[in-house]
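*Asks:* Could you have a look at this structure, given as structure tokens, before my questions?
The values are calculated or read from the model by the stated rules, or taken from the named source; none is laboratory data. Values in this document were obtained by computation on a predicted structure and should not be read as measured data. When we count neighbours, we look across all protein chains shown, and the Cβ atoms used for this are built from the backbone with ideal geometry, even at glycine.
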There are 2 protein chains.
Amino acid sequence: MVIAPNLESFTLGNGLQVVVIPDRRAPVVTHMIWYKVGSADEPEGQSGVAHFLEHLMFKGTSTYPDGAFSKMVAERGGQENAFTSADYTAYFQRVAKEHLPLMMKLEADRMENLVLTDEIVAPERDVVLEERRMRVDSEPGSRLREALNAITFVNHPYGSPVIGWQSEIEALNKDSAIAFYDRFYTPNNAVVVIAGDVDVEAVRKLAAETYGKIARRAEPGERIRPAEPPLAGERRIAVSDPRVRQETVSKTWIVPSQSTGAGRTPEALDVLAYILGEGPSSRLHKSLVLDREAAISAGAYYQGGALDNGRFGLYAAPRPGYTLEDMERLITIELRKLLDAGVSQEEVDRAQNSMIASAIYAQDSQSGLARLFGGALTTGQSIENVQSWPAQVNAVTPEDVLEVARSYLTGFPVTGELRIEVPSDPAATLTETSELKDKS
Amino acid sequence: MVIAPNLESFTLGNGLQVVVIPDRRAPVVTHMIWYKVGSADEPEGQSGVAHFLEHLMFKGTSTYPDGAFSKMVAERGGQENAFTSADYTAYFQRVAKEHLPLMMKLEADRMENLVLTDEIVAPERDVVLEERRMRVDSEPGSRLREALNAITFVNHPYGSPVIGWQSEIEALNKDSAIAFYDRFYTPNNAVVVIAGDVDVEAVRKLAAETYGKIARRAEPGERIRPAEPPLAGERRIAVSDPRVRQETVSKTWIVPSQSTGAGRTPEALDVLAYILGEGPSSRLHKSLVLDREAAISAGAYYQGGALDNGRFGLYAAPRPGYTLEDMERLITIELRKLLDAGVSQEEVDRAQNSMIASAIYAQDSQSGLARLFGGALTTGQSIENVQSWPAQVNAVTPEDVLEVARSYLTGFPVTGELRIEVPSDPAATLTETSELKDKS
């Protein structure tokens, strides 16, 4: 099978790529614009500016004042949103098909006519700081993810949080936002994805009349980020908080992504994650949750959607009576078994069938498809890469799976622990420790 | 007491600062030039360029070819060397006094007339790569320090090694070295320190004739580096290698430096380090090494010489029969005792006397004094800061020591473990682990 076989794509004279995925089942359309810029493209010391600009893009242009775009979407019964990742920033609207021309006009308008004033920027910075407090600082799991990330990528910018470090968010201002906008928000750095009840030729005409009128505003150039060096040992971070409801431990490795992996490496990592830890028949779930009854949950994941390298992770959450150390040991035993003995053809077949079935179901979602292609095209992949993914998955052999496991999961992992208790006071162990003296 | 009370300093019209420390005991002179640039000032992705340029500075100028400067020093029976840190790069010669004019002439020459060719740069890059292999990659202790550093400073450039990450050293070339040179090697970004059998007026005249002729080549501006964010948990890295001869564990915290610490904070941290872990009567040595006989060595240190924040560390190495976990517990018990009960006036007195006595002895070393002032002036301190350090130390009270301990050593430490054994295979614990099933 090929994903979205009726997809068409063209590029305007100013470099803007347009992807059209016709879907005539309902008279609605999803309109997205994806900029090839994310937090990993931020200037040093300005973490958070990509996400901050995403907020500010709703603040009005020389033509449409603050809030006008959103109001027009809402008045027409549409939905809109935006999101920022390490590699891209995207904006979308889902509206009745007759409103597509207006959406394209408004989105094109804010690519070049954004107007920011200190009066608008300063309160929005407070909004972002509050978002950080809510989403990161008050969530132990988020704080762990942020810290784990930071010690996993110590040199590559993937180590910085997308929302930004607090002290750097505080220093963002109108000038830093506009400088970022002028450098990266240009048609030759964007992909428009339109999925829904549309005709390709009509979209081509609309695109020429809206986005096509925008001059190339900048030449962002190649996206080269500092490489991540290998570190010499096993890294670990523990976040302890009484608000934690379920303790967990994860072990992660940096691995090739869909973009950096050669040949079938990314798909073999996908299959490996499935066999090890996705779904109820996975090895980790079966061993830790069902057979040993030691874990509440256990699994694996492969984060392959990245311009630079991705991540592979294994995790488990203990049942009462078991510790995180137990979980680590059990996870490592399952990994070791796989590294020693590989996987069976039956396991690979089952993974392939299930993964491809999921891809077929996913085609049912108009916005899901739009997001799939937008995300891929802004992280170094081509339309063909995405479309041929099922064929690539089907070509994976048990030998491929063993090879990627041995190549990428035998190095030092980075371990993250989420613990319920407040860190214990070591002085409480004084009595025990004083017995040490008799040991030697 | 005041350190180097006969020191004099002046600034040339081009912004170069000259510090003269007369010392007439022998007819020799130490001539140093300190540039206010180090690895923490490197462009993103070019780690190692400051140190690489230090190597290349010996490769000749338009006036004196490759090796000529070093040859002239050697022929005159002198010594020379150079070193790079996160905050500065320094070059020095120690020669008979009559050769000072020549040293100043040659050092001034290479501030503006460096000539690099690909033929010279490429082999020198191999030299640096070999230096990295020898000093870092083959030394488990160095690999631990590098990795510990990287997870301690995840955003601030102090997390990058001075020598550079291997992949980034490999990408350095003539252009990156010259760009760095042109940006930072300018008289207004340098301090010349001359200690020895010299007359201030004679030095003033010589400086005008040599360094004074160099135009301001650039305006490096304020040295603002990305701040280090607080992370939410305890970090840890373990390096295991069969070549390790002695296992050790250290716990470190980011603390104010001599430059960033307000009031007597840096000196109180100095006194705290002394009481906790410097010398044979320190608390850690007494408790872990002498009383409990659990450690081979144990101590504390304060790294206060930094433009941005410094580090405070506690460490211990176990005797046979004891583990790193034992060491951690014992270190933490001593720290906890201090945090609970503070330090005595007697301990502070003893620390002050010893620290000031050391400072007095240190004045005996001509190059040591030159290095003290050069290092201070390139990491944000003034001559007065250095000279009044003994008075500041003498003003520290037991309350000051307790306050800095409570302010800075109660946050999450970053722990580094150096272990002898190869990481154990968790599958070897299979039997033990399978007993887990009966636990709950």
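*Asks:* Within region A:300-344, take every residue that is of a type in the set (S, T, N, Q) and farther than 21 Å from A:Ala227 by Cβ and give me the one that is surrounded by the fewest Cβ atoms within 10 Å (Cβ to Cβ).
*Replies:* It comes out as A:Ser344.
*Asks:* Please verify whether region A:146-159 includes one or more residues that are in contact with a strand residue (DSSP E or B) (Cβ under 7 Å, 6 or more places away or on another chain), among the polar types (S, T, N, Q) and under 21 Å from B:Asn155 (Cα atoms).
*Replies:* yes
*Asks:* For B:Arg336, only one of the following conditions fails: (1) in a helix (DSSP H, G or I); (2) in contact (Cβ under 8 Å) with a residue 24 or more places away in the chain; (3) of a type in the set (Lys, Arg). What is its number?
*Replies:* (2)
*Asks:* Please return the ranges of strands (runs of 3 or more DSSP E) entirely within region A:1-115 where 2 or more residues are within 29 Å of A:Arg132 (Cβ to Cβ), modelled with pLDDT of 95 or more and under 20 Å from the mean Cα position of the chain (by Cα).
*Replies:* A:28-35, A:79-84, A:89-96
*Asks:* Exactly one condition in (1) among the polar types (S, T, N, Q); (2) buried (at least 21 other Cβ atoms within 10 Å of the Cβ); (3) within 14 Å of chain A (Cβ to nearest Cβ) is false for B:Ser282; which is it?
*Replies:* Going through the list (1) among the polar types (S, T, N, Q); (2) buried (at least 21 other Cβ atoms within 10 Å of the Cβ); (3) within 14 Å of chain A (Cβ to nearest Cβ), B:Ser282 breaks only (3).
*Asks:* Could you please find all residues in region A:308-334 being at the interface with chain B (Cβ under 10 Å from one of its Cβ atoms), small (Gly, Ala, Ser) and within 12 Å of A:Leu284 (Cα to Cα)?
*Replies:* Once the filter is applied, which keeps residues that are at the interface with chain B (Cβ under 10 Å from one of its Cβ atoms), small (Gly, Ala, Ser) and within 12 Å of A:Leu284 (Cα to Cα), region A:308-334 yields nothing.
*Asks:* Now a separate question. Would you point out which residue out of B:Val348, B:Val414, B:Val393, B:Val401 is crowded, with 22+ Cβ neighbours inside 10 Å and under 29 Å from B:Asp41 (Cα atoms)?
*Replies:* From the options B:Val348, B:Val414, B:Val393, B:Val401, the qualifying one is B:Val414.
*Asks:* For the subset of region A:216-255 comprising residues that are within 7 Å of another protein chain (Cβ to nearest Cβ) and of a type in the set (A, V, I, L, M), which member is surrounded by the fewest Cβ atoms within 10 Å (Cβ to Cβ)?
*Replies:* Among residues in region A:216-255 that are within 7 Å of another protein chain (Cβ to nearest Cβ) and of a type in the set (A, V, I, L, M), the one surrounded by the fewest Cβ atoms within 10 Å (Cβ to Cβ) is A:Ala227.
*Asks:* Within region A:136-153, which residues are surrounded by 15 or more Cβ atoms within 10 Å (Cβ to Cβ) and of a type in the set (Gly, Ala, Ser)?
*Replies:* A:Gly141, A:Ser142, A:Ala147, A:Ala150
*Asks:* Another question, if that's okay. Go through region B:113-135 and report how many residues are touching a Pro at 6+ places or on another chain (Cβ under 9 Å) and surrounded by fewer than 20 Cβ atoms within 10 Å (Cβ to Cβ).
*Replies:* Number of matching residues: 1.
*Asks:* A further question on this structure: Hey, can you tell me all the residues within region A:278-306 that are at pLDDT 95 or above and closer than 19 Å to A:Val404 by Cα?
*Replies:* A:Ser282, A:Arg283, A:Leu284, A:Gly299, A:Ala300, A:Tyr301, A:Tyr302, A:Gln303, A:Gly304, A:Gly305, A:Ala306
*Asks:* Then there's this: In region A:126-143, which residues are out of contact with any Asp or Glu (no Cβ under 8 Å at 6 or more places or on another chain) and facing chain B (nearest Cβ under 7 Å)?
*Replies:* none
*Asks:* It is to be established whether one or more residues within region B:16-25 are of a type in the set (A, V, I, L, M, F, W, C) and either under 30 Å from A:Ile224 (Cα atoms) or surrounded by fewer than 20 Cβ atoms within 10 Å (Cβ to Cβ) (or both).
*Replies:* no
*Asks:* Can you say whether B:Glu267 is within 30 Å of A:Gly141 (Cα to Cα) and of a type in the set (Asp, Glu), as far as the supplied structure shows?
*Replies:* So B:Glu267 fails the test.
*Asks:* Across region A:256-269, what is the total count of residues that are buried (at least 24 other Cβ atoms within 10 Å of the Cβ) and not polar (S, T, N, Q)?
*Replies:* Of the residues in that region, 4 qualify.
*Asks:* Within 30 Å of B:Ala232 (Cβ to Cβ), more than 10 Å from chain A (Cβ to nearest Cβ) and touching a helix residue (DSSP H, G or I) at 6+ places or on another chain (Cβ under 8 Å), is that true of B:Tyr158?
*Replies:* Spelling it out, B:Tyr158 is indeed within 30 Å of B:Ala232 (Cβ to Cβ), more than 10 Å from chain A (Cβ to nearest Cβ) and touching a helix residue (DSSP H, G or I) at 6+ places or on another chain (Cβ under 8 Å).
*Asks:* Residues in region B:350-368 that are farther than 27 Å from B:Leu276 by Cβ and modelled with pLDDT of 95 or more: how many?
*Replies:* 0
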